[in-house]
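**Student:** Here it is, the structure, as structure tokens.
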Amino acid sequence: MSKQGKINKITTSVIRGMKKKGEKITMLTAYDYAMASVMDDVGVEMLLVGDSLGMVILGYDSTLPVTMDDMLHHTKAVVRGTKNSMVVADMPFMSYQYSVEEAVRNAGRFLQEAGAHAVKLEGGREVAESIQRMTSAGIPVVAHLGLTPQSVQQFGGFKVQGKDDAAAKRIFEDAKIIEEAGAFSVVLECVPAPLARKITDSLEIPTIGIGAGVGCDGQVLVVNDMLGMYERFLPKFVKKYADLNADIRNAVRRYIDEVKNGSFPDEEHSFI
Ligand code: KIV
């Protein structure tokens with residue numbers, strides 16, 4: 001640990017070790033160099049280049065239009081801003097569904113071309129073979145169960161998953177299957193807190209929750225949500241730690257006023 005309590009260079013074994021020691025894991029999304037370097041510097045263990053990029057940065061209504069090129073471009077920027085955090089690149093819709101071969105090839109691109117340390121993909125038993133092939137190729141994989149936003153059309157909206165016994169059983173079984181396949185961690189999104197705790201207690205690999213209660217081994221949030229920068233939709237599980245939207249509006253309004261009334265630039269900000 002460094003002075004600020006920051007662990008140096010986060011690897012998959014550090015993440016697994018944190019679960020063993022009962023230390024909570026922090027993950028936040030990152031999409032660019034500037035934000036990644038701040039989050040890396042203050043000690044966030046895992047930076048997820050989420051395909052939430054599509055909604056909070058690129059302005060789409062869902063994550064479905066996000067492409068491999070979009071993800072590679074932003075992953076490269078995040079990697080450039082990172083010294084210690086582990087960078088996890090999200091595999092976009094249709095980059096791993098056609099075939100296991102294509103899934104492995106695309107996952108490999110994130111490590112080889114963008115410098116990511118791991119990839120994340122959504123799904124359970126249906127992606128188990130891909131997870132197994134990726135891990136045997138040396139690509140660390142984070143799985144993602146519960147509300148998997150790329151299946152939003154199938155779910156009929158962003159809804160809590162695993163509420164009835166059959167759905168909870170399926171998510172529980174999927175968690176065991178993806179662990180067996182070689183995933184080193186799993187994101188649990190929008191599942192009831194008791195189910196997330198039960199999965200957490202049954203797995204050796206760490207669970208990272210989002211809308212899944214405090215019983216998970218770690219937590220993840222979309223950084224634009226927790227900083228109050230994305231106003232279109234705020235899920236119940238998001239806690240706003242800042243109100244940057246208001247701060248930015250105020251700063252930009254002041255700039256407009258000062259330019260209009262001639263008080264900017266003043267002497268201090270001019271070459272005389
Ligand atoms: O894309 C994303 O940001 C995610 C998180 C919500 C886990 O998958």
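The values are calculated or read from the model by the stated rules, or taken from the named source; none is laboratory data. Source: prediction; values computed, not measured. We place every Cβ from the backbone using ideal geometry, glycine too, and count neighbours over all the protein chains shown. Remember, those area values only see protein heavy atoms, side chains included, never the ligands or the DNA or RNA. Shrake-Rupley method; radii C 1.70, N 1.55, O 1.52, S 1.80 Å.
**Student:** Starting from residues that are of a type in the set (Gly, Ala, Ser) and closer than 23 Å to PHE155 by Cα, keep the ones in region 59-98 and report whichever is nearest to the ligand (Cβ to nearest atom).
**Tutor:** Ranking the candidates gives SER62 first.
**Student:** Determine which member of the set ARG197, ARG232, ARG133, ARG170 is within 23 Å of VAL56 (Cα to Cα), surrounded by fewer than 20 Cβ atoms within 10 Å (Cβ to Cβ) and of a type outside the set (Asp, Glu).
**Tutor:** ARG232
**Student:** Just to be sure before I move on: is GLY213 among the small types (Gly, Ala, Ser), open to solvent by 20 Å² or more (accessible area, probe 1.4 Å) and assigned to a loop (DSSP other than H, G, I, E, B) in the structure I sent?
**Tutor:** Here the answer is yes, as GLY213 does meet what is asked.
**Student:** Restricting the search to region 129-183, which residues are touching a residue at least 60 places away in the same chain (Cβ under 8 Å) and within 14 Å of the ligand (Cβ to nearest atom)?
**Tutor:** Those that are touching a residue at least 60 places away in the same chain (Cβ under 8 Å) and within 14 Å of the ligand (Cβ to nearest atom): VAL142, GLY146, LEU147, PRO149, GLN150, VAL152, PHE158.
**Student:** Being among the small types (Gly, Ala, Ser) and open to solvent by less than 30 Å² (accessible area, probe 1.4 Å) narrows it down to one residue among SER99, SER37, SER62; which is it?
**Tutor:** Among SER99, SER37, SER62, only SER62 is among the small types (Gly, Ala, Ser) and open to solvent by less than 30 Å² (accessible area, probe 1.4 Å).
Let's see how each residue does on (1) touching a residue at least 40 places away in the same chain (Cβ under 8 Å); (2) of a type in the set (Val, Ile, Thr); (3) closer than 14 Å to VAL223 by Cβ; (4) in a loop (DSSP other than H, G, I, E, B):
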position: ILE15; (1), (2), (3), (4): yes, yes, no, no
position: LYS20; (1), (2), (3), (4): no, no, no, no
position: GLU23; (1), (2), (3), (4): no, no, no, yes
position: ALA36; (1), (2), (3), (4): yes, no, yes, no
position: ASP40; (1), (2), (3), (4): yes, no, yes, no
position: THR75; (1), (2), (3), (4): yes, yes, no, no
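**Student:** For region 247-263, give me the residue count where each residue is open to solvent by 80 Å² or more (accessible area, probe 1.4 Å) and either acidic (Asp, Glu) or not in a helix (DSSP H, G or I) (or both).
**Tutor:** Result for region 247-263: 2.
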